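Visitor: Pasting in a structure now, in structure tokens, and then I'll have a few things to ask.
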Amino acid sequence: MLDKKQLSDIGFSYVLEKLEPCSPLGDELRRKAAPRGAGEAALLVRELENVGLLFDALSLERERFYPLERALMQLKDIRRSVELSRTAALSEVELFEVKRFLMLLDPLEAACSELPVIKKLHDISIFSMPEALDILDPDGMRAQTFRLSDSCSEELRLIRRERKRVDLALRALPEGGAPERDGLIAERTLLSAREENEETRLRAVMTKAFSAHSARLEELIGSIARLDLALAKAKLMLAEGGAIPEILPNRDAEITFTDMVNPMLRAALGLKGRSFTPVSVALSKGAAVITGANMGGKSVAVKTLALNALLALSGFPVFAQSAALPMLSGIHLLYEDREDSRGGLSSFGGEMVRFGEILSSVSRTENQLVLLDEFARGTNPSEGSALVRAAVRFFNAKREAYALITTHFDFVAELASRHYQVMGLKNADPAELEAALNASGESGSAGAGEMLARFMDYGLFLAKSSENPPRDALKICRALRIPSEFMDYVEENGSGCEQKSKP
Amino acid sequence: MLYEFIKPYSSIATIGMCKNAGKTTVLNRLIGECFAHGETPALTSIGRDGERSDVVTGTDKPEIFVYEGTLVATAEALLTVGDVSREIADTSGMPTPMGEVVIMRAMSDGLVQIAGPSMTAQLRVLKRRLFALGAKRVFIDGALSRKSLAMPAVSDACILSSGASYSRDMNKTVADTAFACELMSLEGSALFDEKSLECAPASEKFILLDRDGERVSLDSAKDAAERIRTQGAKGLLVRGGVTDSVFEALFAAGRLLSGMEIAVEDGSRLLVRAANYQKLVRAGAAVRALEKTALAAVTVNPFSAYGEHYDKNAFFDAVRAALPAAVPVVNVKEYEYA
């Protein structure tokens, strides 16, 4: 499963931040967003359908939703008070909050009834609760404030009448000392205590009557939260683009994502004046491999897939043209994390510990998505390559998980069920690139890096399984203006590795 | 008679030089005089961090007397400490150690205890809310010492209470009161405003306006002084609290301080000794606040809670003589409301 840092690295936290539910109820659900478990497929499908329905309605008439959003924005989170009402008397402030919430249900219900789409939503039903409100507002005044009214008990009415008399008598006293003053103040204190006692008793009675409605109110609050969050997701889809993923009933079905993007990386690239190249991937059970140039976007492709798969399983629209996948019981992502220093292990040691955890998880639970980015890069090429080949063969033999592995190593792709390559500099015109790099020469290797990125094609394409990773490393070094004195040594020593034989 | 001095202002903060300076008496008199003029003002306070232990242990007795109809914004746990009959008018979502700040309306006369939010920004929001609920005037029970919190920034005017409880030495009390008044009635800046702070990141404490009117952000007072010494400047805005060490560093800029403006957010942010302040003024710098607040009046209380009373007339006369004639000075007679 993905940890907090990974959720942030792949852009899931970014997407959650982008979601803007109107109420604290929806926001609570947003913060708890997580993938649905294997047994919750039907629930997930209904959730996604809700988002799709709201998206369609929003796209037609965005402004018709404003009254609903305004009504949602007024709501506070009163779940604790509702819960408490079953066991203890609510305080005046709690009763105030509950009363106000119940009063806000009227405009909410009215706003919903103006929107035909709301009735079509699954597991969402919005209604007002006048019976419950009548308990907190027995006079039916529907004031925005809360006070136990005189009509609640004869005792309360009498105490308050007395109190008024004492107040007026005190006001009428001349400034400075008056003999009656102390007596009146004592009387006031006594009346105040009696009023407090009577109010406490009445609040207990009121709470008890109200608590009969607590279960129904909690149901309603759940509905409101789901509606609010689904609406927020649909609004995000309207703003950022995306599609409702299809959840496939066949648990061995292929995972397909067409033209995925990662909104976090897209925004970061946008700041530099660049755009995100959409990637498409199809995975069946077993291992697929991505190879390709350094700087070519292999890691980005993996993170983008992790993000979108996680979004789909968590009931979100995905950032893709289309997507279809079966229920997955887990998503694992393994990549070199320079900040990860588990118990003083080297980066390779840390990677292997985590890989071991993934293997045992995969053998315990079927139908997981395993993403390994530059697996075993931290060790020597011959053993590293052996490890990656083993991983590919392992996942192919078991066929219990969907694995996607990116690598530089040769002779891996031929074992994989599918082989993707990043385009990299394949289609870049060498003369044009050279000219552009010369032009950017003054700004040094950083400027050259920027320029190189402009010529890089980050798209993925399906390659032959026999094709080894392209030899772009030296090309890139030259492009990055590594001093030629050094590059001469490299060429002398031989890019001889190209003749290396199959292990 | 305090009413006359606060009449032009819609929000007034009461500030005490120390405990028992007569601040609560002033607040009660203000409420009483407003009532006599047919007004029911709204009340709140800036948080009571300094007094928290008192409040939590419950040794504070409710001592502010309000009339029916008064709006009071106070912490939830303090609602039942007073003896007014009340209705809940609104909640604020602002937390305090004693629960959320709640706005209640007094439905009878009686005593209340007030603890409002502790952040200036929250107080600003709360003040707006009180006006929206119908208040015509808001009183803010301020911090005990002007050093505690930025009061003036949220009120149009303030009333400073000084008294014999501040020090056994009357001359010291008078001098410190006069200095506090000077800081509370700083002129508004000609070079900077609230926006000058908003468009700079909060980490930038020193914002300098050079001779060409260009803004330069600096990390330390030392850097600011060096820049002024070598290139001169029109003004320097210091964010947040300004301590003696800042002033002492600025002295290094020497004669180029002359004619410069040194701006602070408001007078209560100046946590400097009078000697350093006067040295800067003598060097020719003008100390200014982002927003000018009015000092509506100064009240004096010759009675000390510790028994060392001053001579009533001598104290009044000394404070009167130490302050500009435009600032009213009032002798507050201690008396109980309830």
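The values are calculated or read from the model by the stated rules, or taken from the named source; none is laboratory data. The model shown is predicted, which means the values in this text are computed figures rather than measured ones. Positions of Cβ are generated from backbone atoms using ideal geometry, with glycine treated the same way; all protein chains shown enter the neighbour counts. For the accessible areas, the whole protein counts, side chains as well, though only heavy atoms, and no ligand, DNA or RNA atoms are used. Shrake-Rupley method; radii C 1.70, N 1.55, O 1.52, S 1.80 Å.
Visitor: Put +1 on the Cβ of each Lys and Arg and -1 on the Cβ of each Asp and Glu in the stretch A:243-497; which of A:M295, A:A448, A:P430 then has its Cα farthest toward the positive end of the dipole?
Guide: Checked the options; the winner is A:M295.
Visitor: Pick from B:K222, B:K292, B:K23: which residue has the top mean-square fluctuation in a GNM of chain B where Cα pairs under 10 Å get a spring?
Guide: Top of the fluctuation ranking is B:K222.
Visitor: Explain nothing, just the number: dipole magnitude of chain B about its Cα centre with +1 on each Lys and Arg Cβ and -1 on each Asp and Glu Cβ, in debye rounded to the nearest 20. Mind showing how you got there, number by number?
Guide: Numbers: 38 positive and 42 negative charges, 144 e Å.
For this selection, approximately 700 debye.
Visitor: With +1 assigned to the C-beta of every Lys and Arg and -1 to the C-beta of every Asp and Glu, and no other charges, what is the dipole magnitude of the protein assembly as shown about the Cα centre in debye, to the nearest 20?
Guide: 320
Visitor: Set Lys and Arg Cβ to +1 and Asp and Glu Cβ to -1, take the dipole of chain B about its Cα centre, and tell me which of B:T299, B:S10, B:M184 lies farthest positive.
Guide: Toward the positive end, the furthest listed residue is B:M184.
Visitor: Can you tell me the relative contact order of the stretch A:150-210? Whole percent, Cα pairs under 8 Å, sequence separation 6 or more.
Guide: Relative contact order for the stretch A:150-210 comes out at 41 percent.
Visitor: Show me you know the interface measure: the accessible area buried between B and A, both chains summed, probe 1.4 Å, in Å² to the nearest 100.
Guide: Values: alone 14630 and 24600 Å², together 37230 Å².
By this definition, chains B and A bury close to 2000 Å².
Visitor: Thinking of the stretch A:150-210 as a set of Cα atoms, what percent of all their pairs are more than 18 Å apart?
Guide: 44
Visitor: Using Cα-Cα distances under 8 Å and only pairs 6 or more residues apart, what relative contact order does chain B have, in percent?
Guide: Relative contact order of chain B: 20 percent.
Visitor: Under the rule of at least 5 residues apart or a separate chain, name every residue whose amide H is placed under 5 Å from the amide H of B:G235.
Guide: B:L209, B:E261
Visitor: Pick out, from B:Y310, B:A202, B:P324, the residue whose Cα sits farthest towards the positive end of the charge dipole of chain B, with +1 on the Cβ of Lys and Arg and -1 on the Cβ of Asp and Glu.
Guide: Among B:Y310, B:A202, B:P324, the one farthest towards the positive end of the dipole of chain B is B:P324.
Visitor: Could I ask something else about it? Past the 24 Å Cα-Cα mark, which pairs from B:K23/B:K205; A:K5/A:K303; A:K298/A:K475; A:K120/A:K285; A:K76/A:K235?
Guide: Correct reply: B:K23/B:K205; A:K120/A:K285.
Visitor: When the accessible area of the stretch B:277-338 is split by element with a 1.4 Å probe, what percent falls to carbon and sulfur?
Guide: It is 52 percent, rounded to a whole number.
Visitor: Mind checking the angle between helix A:484-493 and chain A's longest principal axis? C-alpha axes, 0 to 90 degrees, to the nearest 10.
Guide: 60
Visitor: Per residue of B:79-91, what is the mean number of Cβ atoms on other protein chains within 10 angstrom of that residue's Cβ?
Guide: Details: counts 3, 6, 0, 1, 10, 5, 13, 5, 8, 13, 6, 5, 6.
Partner-chain Cβ atoms within 10 Å, mean over residues of B:79-91: 6.
Visitor: Tell me the relative contact order for the stretch B:194-289 as a rounded percent, counting alpha carbon contacts under 8 Å between residues six or more apart.
Guide: Value for the stretch B:194-289: 25 percent.
Visitor: Picking from B:D176, B:D266, B:D219, which is most flexible by a Gaussian network model of chain B using Cα springs under 10 Å?
Guide: Among B:D176, B:D266, B:D219, the largest mean-square fluctuation in the Gaussian network model of chain B belongs to B:D219.
Visitor: Could you give the accessible area per residue of the stretch A:150-210, probe 1.4 Å, as a whole number in Å²?
Guide: With all protein chains present, the stretch A:150-210 gives 58 Å² per residue.
Visitor: Pull out a ≥ b ≥ c, the square roots of the eigenvalues of the alpha-carbon gyration tensor of the protein assembly as shown, then state rounded if a/c is under 1.5, prolate if not and a/b is larger than b/c, and oblate in the remaining case. Don't skip to the end; give the middle numbers.
Guide: Values: a/c = 3.17, a/b = 1.58, b/c = 2.01.
It is oblate, given that a/c is not under 1.5 and a/b is not larger than b/c.
Visitor: Which FRET efficiency value, to the nearest 0.05, do you get for A:E432 and B:E198 by plugging their Cβ-Cβ distance into 1/(1 + (r/R0)^6) with R0 = 41 Å?
Guide: Given R0 = 41 Å and the Cβ-Cβ separation, E is 0.30.
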